[in-house]
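This report refers to the structure that appears directly beneath it.
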Amino acid sequence: MATKDPKAAEAVRKLEEYIEKIHYSERYSDDEYEYRHVILPKPLFKMIPKNFFSSDDSGTLRLLSEEEWRGIGITQSLGWEHYEVHAPEPHVLLFRRPKNFDQVMASRAAASAGKAQAKRK
C-alpha cells in the first residue's frame, strides 16, 4: 500500500528495516522446555507502544501475548510464550515452549486427518 505522506513512508521503511534486523537465538532446552531469546534492534524497541511496557516505569516490557509480540515484528513458529523480561537488557525478550510441542502438534494433526478421512468413508 503506497502512501502519499513521505514521512509516513519513511517510518514504514525504517520499521521494515529494523524488523529484518531482529536476532533470533538458537534454541536451547532443559527437561521441560525449549527456550530462545529474541534481541530487538534498539531503534525498534523505542518504537514499541507505551502500553506494552510495565507500569512501574522500569523501562521493561510487560509479558506480551502472542498477538502483541507478533505485532511488533517477531516471527516464530507456533507455541512460543514470552515468559520473562530481563531489566538490564530490556530489548531482549525470553521465550519458551513445551519441549514436546512439535510432537504434540504432529499427533493432533495426524488424529485430525484420521477423523476427517473416517468421516468420508
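Odds and ends about this structure:
- Ser29-Thr60 FRET efficiency (beta carbon distance; Förster radius 22 Å; 0.05 resolution): 0.30
- Contour excess over end-to-end distance, with Cα ends at Ala106 and Leu94 and 0.36 nm allotted per residue: 1.8 nm
- On full extension, the segment bounded by Glu81 and Lys42 gains 11.9 nm, given 0.36 nm per residue less the C-alpha separation.
- Here each label is just a point 7 Å from Cα along the line to Cβ, and for Arg70 and Glu16 those points are 2.1 nm apart.
- Structural descriptor for the chain: relative contact order 24 percent, calculated from alpha carbon pairs under 8 angstrom and at least 6 residues apart.
- Relative exposure of Thr75, Thr60, judged by other C-beta atoms within 10 Å (fewest first): Thr75, Thr60
- Pairwise Cα distances in the chain exceed 22 Å in 49 percent of cases.
- Translational D in µm²/s for the stretch 21-83 (Stokes-Einstein at 37 °C, 0.692 mPa s, Kirkwood Rh from C-alpha pairs): 254 µm²/s
- Cα-based helix-to-principal-axis angle, 6-20 vs the chain, degrees rounded to 10: 50 degrees
Rule-based calculations on the coordinates, nothing more; no lab input. Model, not experiment: these values are computed from the prediction. Cβ atoms come from the backbone with ideal geometry, glycine included; neighbour counts cover every protein chain shown.
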